[in-house]
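Encoded as structure tokens, the structure appears first; notes follow it.
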Amino acid sequence: MDIPYTVEERPDTGLNNAKLGIWLFLASEVMLFGGLFSAYIFLRIGAPEWPGTMAGQTFATSFEVLNVPIGTFNTFVLIASSVTMVMSWASLMMKDFKKYKLYMGLTILLALAFLVVKGFEYGGKFSAGMFPSESTFLAIYFTLTGLHGLHVIGGIVVNAYFWGPGAKMWETDPDRFTNRIEIAGLYWHFVDLVWIFLFPTIYLL
Amino acid sequence: MGHSTSIEEVKKHVKTYYMVFGALMVLTVVTVAIAYLHLSIIPALILALFVATIKGSLVACYFMHLISEKNMVYLTLGITMLFFVFMIGIFIFAYYGQEGVYVVP
């Protein structure tokens, strides 16, 4: 038996089930990240100094603790990956499977690049003795960027599946496969969107 | 966006995607430039969130196709936004006018 409404719209919701499902999931994600953002605001306005003292040094701005050029570079990388993601979907809509493979491959590579850069950033902090337990600033920094990083890893796993073994569905059910890429894209753009807010609030304020 | 979208329409979308890409890159530079102005926290926060909101809206409207979605998606997001604003608001109201609240540059 086929699963109903994987591609065709349900008459009562006007959406296919996959799309309603991903939007409900993203709604819960808004609350997850929103809760942590409000925690950040709460901690920040209640702190006599920010980012404050950590690893024996006192900092007056988050500029001095975090590397703004690296953070900016990673913002470019993630935005570019969002573009390649939407292009991989558009390629399928234009029935160009080769281009799909190219753009999806690029999306995965850009996501990996983001993680590698983030890894170097984390490594630099750890080697300077800056651990989450050192200060409130570092605690919320590692929590927010760490959770975001987990989302990037999740996106890479899903996208790698659709780039590799999952892509076989293009032969048997192209409409459903295209829809899957659109749904995976919605998730990926959300991860990009979270970073768009994370970057200025944590790195620049 | 349903599977009935024509190839011609998708080609138009592709142009939009690259324009949005350019806008996002420029706005990222703007975000960083604002930070280097070293404004005090309130104007810096307002400006940073304003630019981030424009960027976020571009991603949501064009990459996530929210500009032309079904009502059920808008309803889901509308309810989410209500809860989100409530969650942020509850902290701000709880804190408003209390002692020991610092706004540091």
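Read the figures in this text as sums done on the coordinates, not as results from a lab. Given the structure is predicted, the values throughout are model-derived calculations rather than measurements. When we count neighbours, we look across all protein chains shown, and the Cβ atoms used for this are built from the backbone with ideal geometry, even at glycine.
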Query raised in the report: Is there a simple number for the mean count of other chain Cβ atoms within 10 Å of the Cβ of residues in B:30-39, and what is it?
Result: 3
Query raised in the report: Mind checking which helices in chain B clear 15 Å along their axis (Cα) and have mean Kyte-Doolittle hydropathy of 1.6 or more, DSSP H runs only?
Result: B:41-58, B:71-95
Report summary line: The long-range amide H neighbours of A:Met54, using H built 1.01 Å from N in the peptide plane and a cut-off of under 5 Å, are A:Phe59
Requested in this report: Give, as a single signed number, the net charge of other residues whose beta carbon lies under 15 Å from the beta carbon of A:Phe97, with Lys and Arg counted +1 and Asp and Glu -1.
Outcome: +3
Query raised in the report: Going by how many other Cβ atoms sit within 10 Å of their own, how do A:Val158, B:Val26 line up, fewest first?
Result: B:Val26, A:Val158
Requested in this report: Go ahead and set up a Gaussian network model of chain A, Cα springs under 10 Å, then flag whichever of A:Leu36, A:Leu110, A:Leu24 fluctuates most.
Outcome: A:Leu24
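Within region A:68-204, count lysine pairs with alpha carbon atoms under 22 angstrom apart where the residues are 8 or more positions apart or belong to different chains. Could you put the intermediate results ahead of the total?
Numbers: A:Lys95/A:Lys168; A:Lys98/A:Lys168; A:Lys99/A:Lys168; A:Lys101/A:Lys168.
Step by step, the pairs that qualify in region A:68-204 add up to 4.
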Requested in this report: Give me A:Ile140, B:Ile7 ranked fewest to most by other Cβ atoms within 10 Å of their Cβ, as a rough exposure proxy.
Outcome: B:Ile7, A:Ile140
Query raised in the report: GNM on chain B, C-alpha springs below 10 Å: top fluctuator among B:Thr28, B:Thr80, B:Thr53?
Result: B:Thr80
Report summary line: Everything considered on the Cα gyration tensor (a ≥ b ≥ c; rounded for a/c under 1.5, else prolate if a/b is larger than b/c, else oblate), chain B must be described as oblate
Report task. Per residue of B:80-87, count partner chain C-beta atoms within 10 Å of its C-beta, then hand back the mean as an integer. Result -> 4
Requested in this report: Compute the long axis of helix A:136-163 from its Cα atoms, compare it with the longest principal axis of the Cα atoms of chain A, and write down the angle in degrees, 0 to 90, nearest 10.
Outcome: 20
Requested in this report: Check the straight Cα-Cα distances from B:Lys70 and name the lysines below 18 Å, setting aside those fewer than 8 residues away within the same chain.
Outcome: A:Lys19
Query - Partner chain coverage, peptide A:196-203 - average Cβ within 10 angstrom - result: 6
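Ranking B:Val85, B:Val59, B:Val10 by Cβ neighbours within 10 Å, fewest first, what do you get? Could the numbers behind the result be given before it?
On the way: B:Val85 11, B:Val59 20, B:Val10 17.
In order of increasing Cβ crowding within 10 Å: B:Val85, B:Val10, B:Val59.
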Requested in this report: Give me the distance between the Cα centres of region A:154-197 and region A:44-74, rounded to whole Å.
Outcome: 35
